[in-house]
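To keep things clear, I will list the structure first and then write my remarks on it.
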Amino acid sequence: MNRTWSIAVVCLLVAACGAWAASAVPPASQPAPVVAPAPAPAPNPAPVVAPAPAPSTAPVISPTGTKPASTGPAPATKAVEPTPATKAAEPPPTTKPVEPPPATKPVEPPPPTTKAAEPPKPPAKKLDALAHGKTITAVPDQEIIVELKGTTETPWTLTKVDGTSLEQVGKVEFKPKKEGDKEGVYTATFKAVKEGKTTVLLEGTMIMDGGKKQKMEVKFSVTVAAAG
C-alpha cells in the first residue's frame, strides 16, 4: 500500500514541475509579443495501483506488543463430537462367605509323671474268742483277722455273714502248732469294703472231759466308718 502511494506522489510532482517550467520562460524580444496559446495541461497519469500483496501468514506484532486481530476468514468450526455413551457400572463380584475355622480339638493335659502316693494301709485288727458279743469299729480297706484255737477233730466254720460292709478273704484255714499235730489255730480273714455294719458268726465244737462234745460259737459285729 505504501509503495502505491509513493508512485502516485512522484507522478504528481513531475506534472507540477512541467507546468511551472512552461510558465516561467520569458517572452522573446519581439515588436509585438505573440502570446502563444497556453499548452493544455498534461493529463495526470492514472495512478498505477499495485496489486495488493498476499496476506502474510506470519503474525504481525503491533508496536504496543498486542497481536492484531486476524482479518482472514474465520477458521472452520470443528464439529462437536458426540459424547460417548457411559458404560454401565458392573455389579461388584459376589463375596464368598468366609468359612468358619475347623473346630480345634482341646489339648489333653499330659499324664502325670509322678504317681500320687497312695495313703498308707490301715493296720489289721486281730480278734479271738473274746470278741464274742462285741461290736468292732473299722475303716474302709482295713482287714479283720479272727484266730480261734481248735483241733482237726473240732474245726471252726464260718456260718453267717450278715451285711455288705465286710467281705471274706479266702477260706477258713487251719495251721497246726507243729507238723503233724492235731491242735492248732483256725484263721478267718475279712476286709472292710464300705461303710455299714456286718455281723459275723463262726461255729465250732469242743471235747469236754469224758469225750463229750459241746457246741461253741463266736458272734461279733463290725461297724465300718470313714476315717476322721
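Worth a mention:
- Within the straight-line cut-off of under 27 Å between alpha carbons, the lysines reachable from residue 96 are 87, 105, sequence neighbours fewer than 8 places apart in one chain being disregarded.
- Between residue 129 and residue 206, residue separation times 0.36 nm minus the direct Cα-Cα distance comes to 26.4 nm.
- Net charge over other residues, Cβ less than 15 angstrom from the Cβ of residue 146 (K, R count +1; D, E count -1): +2
- 219, 160 arranged by Cβ crowding within 10 Å, fewest neighbours leading: 160, 219
- Over 24 Å apart at the Cα level, from the set 178/219; 171/219; 178/215; 149/212, are 178/219; 178/215.
- Remark on residue 217: its backbone amide H falls under 5 Å from those of 204, a criterion applied only to residues 5 or more positions apart or on other chains, H modelled at 1.01 Å from N.
- Student exercise, segment 180-227 dipole from Lys, Arg, Asp, Glu Cβ charges, in Debye to nearest 20: 180
- Those aspartates and glutamates that a straight Cα-Cα span of less than 12 Å connects to residue 126, excepting residues fewer than 8 apart in one chain: 143, 147
- Residues 157, 189, sorted so that the one with the fewest Cβ neighbours within 10 Å comes first: 157, 189
- Electrostatic dipole magnitude of segment 125-224 [Cβ: Lys, Arg +1; Asp, Glu -1; Cα centre; debye, to 20]: 140
- Residue order, fewest to most surrounding Cβ atoms within 10 angstrom, among 206, 216: 206, 216
- R0 of 41 Å, Cβ-Cβ distance residue 98-residue 118: FRET efficiency to nearest 0.05: 0.20
Taken together, the values in this text are just the output of simple stated rules run on the coordinates, not laboratory data. All figures in this text were calculated on a predicted structure; none of them were measured in a lab. Neighbour counts are summed over all protein chains in view; Cβ atoms, including those assigned to glycine, are modelled from backbone coordinates with ideal geometry.
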